[in-house]
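Step one of this worksheet: look at the structure below.
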Amino acid sequence: MKEELCARREREVLALAAGIAYSMTPDWYESTYRSLKMNLLFPKERAGHAPQPCLLFVCGGAYSVVNGAVWLPEMMYFARRGYTVATIEYRTSNQACFPAALIDVKAAVRFLKAHAQAFCIDPARIVIAGESAGGTLSALVGATAGQSAYEQGDYLNYDSRVAAVVDFYGPVDLENMARPAQSEDVHNWTLEAFLGAGYSPETARAASAMAQITPGAPPFLILHGTEDALVDIRTQSDAFYERLCALGVPATYYRLRGAGHGDAAFYQDEIKEKILRFMNGVFGGV
């Protein structure tokens, strides 16, 4: 069969940059170093391309495991709609306790700003999103803008402020978080692993977006399932939404009736459309 087709260019072609080193961190009992990696989806043809918003997505994993590439297929939805997308790895609890992971995620934001032109990013339009433990870290990035203690590493002439935060069922009040009943089935989840053995109330407070949030924080979108057995919706997302509203921080909250922790319901197009609408609304349109 031979056929001649009309050449069409209706959709922008995307490129993937996999395994880009964005930060160097201590490794192996702090006797050496290793690079933390980032994956990016961005326009393949960038000459003359206008800067576009960026979505930085932070994977969860009970603070103990992370896979920087696992959510890339789902993030294609946003890349197809005019966003540069980045996903990252960060130090997990077996490598370093809090605030190491937060320092890493903030370093990723600075890296994106420093290399904005290379990846068609508008540095003023970066949204951070994360699920579960990634939600903890994303909410903290939004809540701790301007706290210099967490700005460590390279590109310190840039800051880690973001334009908005999307929190998928993340623990945001570690001061008042109970150990989930089936935690043994979820990578041996413990707060001790993330915060350090014998952690103090001050450490738990520092790692809680609930305690760190201020009236000047960026807009938040929260998503949480009503049947989440790992992260209590009432003491976490419900209470956090009320706190945001009390402080005058713009907040949108979707409670997914019947959804559990990490449920596939969160990644359906209906929910992605709501996330896209929220982000575009923050920017007044892409």
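The values are calculated or read from the model by the stated rules, or taken from the named source; none is laboratory data. In this text, all values refer to a predicted model and were calculated from it rather than measured experimentally. Neighbour counts run over all protein chains shown; Cβ positions are idealised from the backbone, glycine included. Note: accessible area is taken over every heavy atom of the protein model, side chains too, but ligands, DNA and RNA are not part of it. Shrake-Rupley method; radii C 1.70, N 1.55, O 1.52, S 1.80 Å.
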Exercise. Are there chymotrypsin sites (Phe, Trp or Tyr not before Pro) in segment 15-51 that DSSP marks as loop and that have at most 16 other Cβ atoms within 10 Å, and which are they?
Worked result: 28, 29
Problem set entry | Cα extents of segment 69-179 along the three principal axes, largest first (Å) | 41, 32, 24
Seminar exercise, completed: For mean projected area of the Cα convex hull in nm², with candidates [x] 19.6; [y] 17.9; [z] 15.8, the value calculated from the shown model is option [y]
Exercise. Once amide H atoms are placed 1.01 Å from N in the peptide plane, what residues at a sequence separation of 5 or more from residue 164, or on another chain, have their amide H within under 5 Å of its amide H?
Worked result: 128
For this session: Would you check the chain for Lys pairs whose C-alpha atoms are within less than 25 Å, ignoring same-chain pairs closer than 8 in sequence, and give me the count?
Result: 6
Problem set entry | For the chain, calculated [θ]222 nm from helices alone, where every DSSP H run of n ≥ 4 adds -39500 (n - 2.57) | -7000 deg cm²/dmol
For this session: Run the numbers on segment 191-254 and let me know its relative contact order in percent, using alpha-carbon pairs under 8 Å that are six or more apart.
Result: 35
For this session: For segment 1-80, calculate the relative contact order in percent as a whole number, restricting contacts to Cα pairs under 8 Å that are 6 or more residues apart.
Result: 26
Problem set entry | Distant alpha-carbon pairs in segment 185-247 (separation over 19 angstrom), percent | 46
Seminar exercise, completed: Sorted by chain and number, the residues with a modelled amide H under 5 Å from that of residue 58, at a separation of 5 or more or across chains, are 129, 130, 131
Seminar exercise, completed: If amide H atoms are modeled at 1.01 Å from N in the peptide plane, then the residues at a separation of 5 or more from residue 14, or on another chain, having amide H under 5 Å from its own are 44
For this session: Post the alpha-carbon centroid distance, segment 190-267 to segment 86-116, in whole angstrom.
Result: 19
Exercise. Please report, for the Cα atoms of segment 209-273, the Rg to one decimal and the Dmax as a whole number; what are they, in angstrom?
Worked result: 12.4, 33
Exercise. Counting only the heavy atoms of the protein chains, how much of residue 274 is accessible to a 1.4 Å probe, in Å² to the nearest 10?
Worked result: 60
Exercise. So which GluC sites (Glu not before Pro) in segment 210-286 are both in a DSSP loop and have at most 16 other Cβ atoms within 10 Å of their Cβ?
Worked result: 227
Exercise. Across all directions of projection, what mean area in square nanometres is found for the Cα convex hull of segment 41-132?
Worked result: 5.8
For this session: For residue 148, tell me the accessible area in Å² from a 1.4 Å probe, rounded to the nearest 10.
Result: 90
Problem set entry | GNM top mover of 150, 83, 199 - the chain, alpha-carbon springs below 10 Å | 199
